[in-house]
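Peer 1: If you scroll down you'll find the structure; I have some questions about it.
The values are calculated or read from the model by the stated rules, or taken from the named source; none is laboratory data. Just so it is clear, the structure is predicted and the values come from calculations on it, not from any experiment. Glycine gets a Cβ as well: all are built from the backbone with ideal geometry, and neighbour counts include every protein chain shown. Accessible surface is based on the protein model in full, side chains and every heavy atom, while ligands, DNA and RNA are left aside. Shrake-Rupley method; radii C 1.70, N 1.55, O 1.52, S 1.80 Å.
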Amino acid sequence: MQVFCHLYTVCQYVIMENMKAIITVVGGDRVGIIAKVSAYLAEHSINIVDITQTILSGNFVMMMMVDLEGADVSIDGARKDLTETCQSLGVEVNLMNEKVFTEMHRI
């Protein structure tokens with residue numbers, strides 16, 4: 001239990017210290033994916049810092065770095081809302097703290 005509590009505290013600290021996050025969206029290409037995701041972010045004062053998107057073998061693939069510093073929603077709230085939004089578009093979304101994302105993808 002003590003190890004879990006320490007890990008939870010470290011994760012909370014990382015999230016509070018760094019308000020940047022990575023959003024990935026993958027699925028079948030269709031009109032409105034970028035528009036809907038961007039509209040949600042703007043509505044909640046989440047700034048898009050960087051964005052890249054491509055069509056890969058007919059699949060829409062987008063990665064965004066966003067800044068949640070001025071956001072009126074938590075990272076967990078944004079993840080839940082974006083999941084619902086993207087399900088209606090038939091694509092999958094993932095949102096995680098940038099430092100956690102970087103550590104997970106470190107070789």
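Peer 1: Taking the condition of being hydroxyl-bearing (S, T, Y), open to solvent by less than 80 Å² (accessible area, probe 1.4 Å), over 11 Å from H44 (Cα atoms) and out of contact with any helix residue (DSSP H, G or I) (no Cβ under 7 Å at 6 or more places or on another chain), how many residues in region 54-87 meet it?
Peer 2: 2
Peer 1: Return the pairs, sorted by first residue and then second, in which the second residue is part of a helix (DSSP H, G or I) and open to solvent by 50 Å² or more (accessible area, probe 1.4 Å), the first residue lies in region 59-83 and is at negative phi, the beta carbons are less than 8 Å apart, and the residues are 6+ apart or on different chains.
Peer 2: M62/I34; I75/I15
Yes/no matrix, rows are residues, columns are (1) open to solvent by less than 70 Å² (accessible area, probe 1.4 Å); (2) modelled with pLDDT of 95 or more; (3) of a type in the set (A, V, I, L, M, F, W, C):
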| position | (1), (2), (3) |
| --- | --- |
| I23 | yes, yes, yes |
| I46 | yes, yes, yes |
| T52 | no, yes, no |
| E98 | yes, no, no |
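Peer 1: Still on this structure, please answer the following. Right, I33: surrounded by 15 or more Cβ atoms within 10 Å (Cβ to Cβ) and at pLDDT below 95 or not?
Peer 2: Against the criterion (surrounded by 15 or more Cβ atoms within 10 Å (Cβ to Cβ) and at pLDDT below 95), I33 does not qualify.
Peer 1: What number of residues within region 19-57 satisfy the criterion of being part of a helix (DSSP H, G or I) and either touching a residue at least 24 places away in the same chain (Cβ under 8 Å) or in contact with a Phe, Trp or Tyr (Cβ under 9 Å, 6 or more places away or on another chain) (or both)?
Peer 2: So the count comes out to 6.
Peer 1: Let me ask something else. Could you tell me whether region 67-90 includes any residue that is out of contact with any Lys or Arg (no Cβ under 7 Å at 6 or more places or on another chain) and in a strand (DSSP E or B)?
Peer 2: Checked region 67-90: no residue is out of contact with any Lys or Arg (no Cβ under 7 Å at 6 or more places or on another chain) and in a strand (DSSP E or B).
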